[in-house]
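The structure under discussion appears below in the form of structure tokens.
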Amino acid sequence: MTTNRLLARLPADEFRNIGKQLEQIDLERGFNIAGADCLIDDVYFLSSGISSVVAISPDGQRAEAGMVGREGFLPMPAGVGGTISIHEVFMQMDGQGVRLPLHALLAALPENPVFSNLLARFIQTFATQISYTALCNANYQVDERLARWLLMCHDRVDGDEIALTHDFIAAMLSVRRPSITTALHVLEGRKLIRAERGRITIRDRRGLEEFTGGSYGKPEEEYRRLIGDF
């Protein structure tokens with residue numbers, strides 16, 4: 001059995017075909033899943049934890065394009081036969097999962113149609129997530145963007161506590177650390193979260209969703225439409 005949402009939806013025969021080549025792995029914070037513009041060696045299906053997909057410009061500017069947890073797989077180019085990762089992909093929060101050698105995944109795609117279709121559907125949902133990240137970065141305030149980002153993290157963990165530092169959040173949202181501190185104070189003042197050193201607790205999820213002003217929800221709705229619950 002697996003708690004990865006994609007693998008859990010495979011018919012028994014396809015899971016048997018793929019499962020014998022899956023390797024269980026612990027994924028520590030900072031674990032490198034793929035380097036930017038690097039060959040893909042393995043494909044990862046998380047069962048817990050959160051990974052960040054980061055875009056890096058030629059001059060070294062960085063921003064998180066999206067995040068993936070137990071609802072998906074990484075790196076995504078492999079799902080359509082790609083062999084190079086355009087993005088850097090690493091674990092932002094400890095977790096576990098399984099990995100499949102790239103050559104095994106590429107061989108499995110034409111022989112396992114449900115598996116292939118699920119990977120393609122997930123890529124579509126992630127494209128929606130990236131488009132809404134761009135929308136939010138252009139049109140929403142830092143506190144609204146932070147609220148959306150925390151909800152996305154909350155979707156991918158068990159419980160209400162999220163282990164994250166101010167510095168890391170600032171790097172992922174491409175804003176200065178003081179802006180994150182101010183935004184956290186705004187959310188705390190509304191009793192939506194509690195922020196402590198290295199840890200944020202979600203206190204009022206519904207209120208947090210309302211605070212985002214519509215920046216959260218569409219990609220998650222697309223995932224439920226194409227695949228099912230997170």
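Remarks
- The stretch 24-108, accessible area per residue, ligands and nucleic acids excluded (1.4 Å, Å²): 40 Å²
- At an R0 of 30 angstrom, the distance between the Cβ atoms of Glu111 and Ser131 translates into a FRET efficiency of 0.40.
- Positive-pole candidate from Ile40, Ala127, Val54, dipole of the stretch 37-131, charges at beta carbon: Ala127
- Degrees between helix 177-189 axis and first principal axis of the chain (Cα, 0 to 90, nearest 10): 80 degrees
- Calculated Cα Rg over 2.2 N^0.38 Å (choose from (i) 1.06; (ii) 1.17; (iii) 1.01), label: (iii)
- 1.4 Å probe accessible area per residue over the stretch 133-226, in Å²: 51 Å²
- FRET efficiency, Thr201 to Asp59 (Cβ-Cβ, R0 45 Å, nearest 0.05): 0.75
- Computed in the context of the full set of protein chains, the accessible area of the stretch 89-135 at 1.4 Å probe radius has 60% of its extent on carbon or sulfur.
- The stretch 41-88: relative contact order as a whole-number percent, Cα under 8 Å and 6+ apart: 41 percent
- Rounded Å value of the spacing that divides the Cα centres of the stretch 167-197 and the stretch 106-156: 22 Å
- Estimated vicinal HN-Hα couplings, Hz - the stretch 103-109 in sequence order (Karplus 6.51, -1.76, 1.60; Gly, Pro = x): 4, 6, 5, 4, 6, 6, 4
- Whole-Hz ³J(HN,Hα) from phi, Karplus 6.51 cos²θ - 1.76 cosθ + 1.60, for the stretch 62-78, glycine and proline x: 10, 7, 6, 8, x, 9, 9, x, 6, 7, x, 8, 8, x, 6, x, 4
- Our estimate of slack between Ala36 and Ala138, defined as 0.36 nm per intervening residue step minus the Cα-Cα distance, is 34.3 nm.
- Listed residue (Leu173, Val157, His185) projecting farthest to the positive dipole end of the stretch 140-222, Cβ model: His185
- The chain: relative contact order in percent, alpha carbon pairs under 8 Å with at least 6 residues between: 21 percent
The values are calculated or read from the model by the stated rules, or taken from the named source; none is laboratory data. This structure is a prediction, so every number in the text was calculated from the model and none was measured. Glycine gets a Cβ as well: all are built from the backbone with ideal geometry, and neighbour counts include every protein chain shown. Areas reflect the complete protein model, heavy atoms only, side chains present, ligands, DNA and RNA absent. Shrake-Rupley method; radii C 1.70, N 1.55, O 1.52, S 1.80 Å.
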